[in-house]
Amino acid sequence: MKKIVLLILLTIQVVSSQTTRKYSNEFLTIGVDAAAFGMGKAVVATSNDVNSIYWNPAGLTAINNYQGAIMHAEYFAGIAKYDYIGFAMPIDGRSALGVSLIRFGVDDILNTTELIDNEGNIDYNRISLFSAADYALNIAYARSLQVQGLNIGINTKIVRRIIGDFATSWGFGIDASLQFERNNWKFGLMLRDITTTFNSWSIDEGEFEKIKDAIPNQNQELPETTEITLPKAQLGVAKIFEINRDFNLLTEVDLNLRFTETNDIISSDIVSIDPAIGFQVAYLETVFLRGGIGNIQNEIQFDNSKEVVFQPNFGVGFKFKGIQIDYALTNIASIGNALYSNVFSIKVDFEYFK
């Protein structure tokens, strides 16, 4: 059991032996808003509500009154809980402000580090529970520029990560973005962690001593206490097509860029690119049908061959008098026998309640 605890603590969330990592603060890449999930998260160019705090702060300039949003999702058959709440408001005719909080956590994890005493006796009363949770507070500002259709935004995020009594960290980072619209074409750019996001860990050495020998000759020293998240970029282009008086079609293609080599479908030492494609059919701007694909990866098989896998997404939504309810079904682990997740979100536009 000590081995299980060690794997949970040190291979899933605690910092690795390198301070600069390909994958760091990955809970911040999950996304928010069921409507965005339904479109395969291809929304960087079109996001224009309270959820723009996450997707593209520049989109906050489109709101005219107070807006609020909440979202709940469960992953890995309900083991992990993912929650989000956001609020945004215009400051004046050209600028807006937004604040959001994200939590991703696994609760009630068994701590069996003291299950067996020094004499080899097992005492189940010595088992305790702990949580491994990640939090992110986002504060975003957006402003319309003099150039018609051009908006910019910035997001400051404070990251808090807690692994029971074993380790905690504080982090800080900044995102910058822009959106541009012309003749029903929309363009978006989101630069995440432009300063790199820095996490500083505090590890309880006493708790570490209890588990460091669980796997012989491994993890005998304390992990590094600093962690740096490398910058990432998202490019998006979208267009709205009016089918008739009642229906319109929104389509968007995004390119998610990491400046390191990964398993993305397009990958090199300099940059790796993961495309995302999404669409939304709207009826009277009241009923919405969405679909998309993303997370297109080269998956290595047991025979060392590569197979292209992707993440399909589907969603629906309904809006009435300022209240919008959205649902998305997403395959979080690509294809095959993967687990599907149900994502629900609600958005309220207080402009309708004047």
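Considering only the other residues whose Cβ falls under 14 Å of the Cβ of residue 107, what net charge follows from Lys and Arg at +1 and Asp and Glu at -1? Net charge in that neighbourhood comes out at -2. For the residue pairs 239/306; 41/186; 186/232, alpha carbon separations beyond 23 Å are given by 239/306. If you take all other residues with their beta carbon under 10 Å from the beta carbon of residue 278, and give Lys and Arg +1 and Asp and Glu -1, the sum is 0. Summarised as an ellipsoid, the range 53-157 has semi-axes of 46, 12, 10 Å, derived from the eigenvalues of the Cα gyration tensor scaled by 5 and square-rooted, with the largest first.
With Cβ to Cβ distances under 13 Å as the rule, what net charge do the other residues near residue 306 carry (K, R +1; D, E -1)? Summing Lys/Arg as +1 and Asp/Glu as -1 gives -4.
Rule-based calculations on the coordinates, nothing more; no lab input. These figures come from a predicted structure and were not determined experimentally. Every residue, glycine as well, gets a Cβ built from its backbone with ideal geometry; the counts of neighbours run over all protein chains shown.
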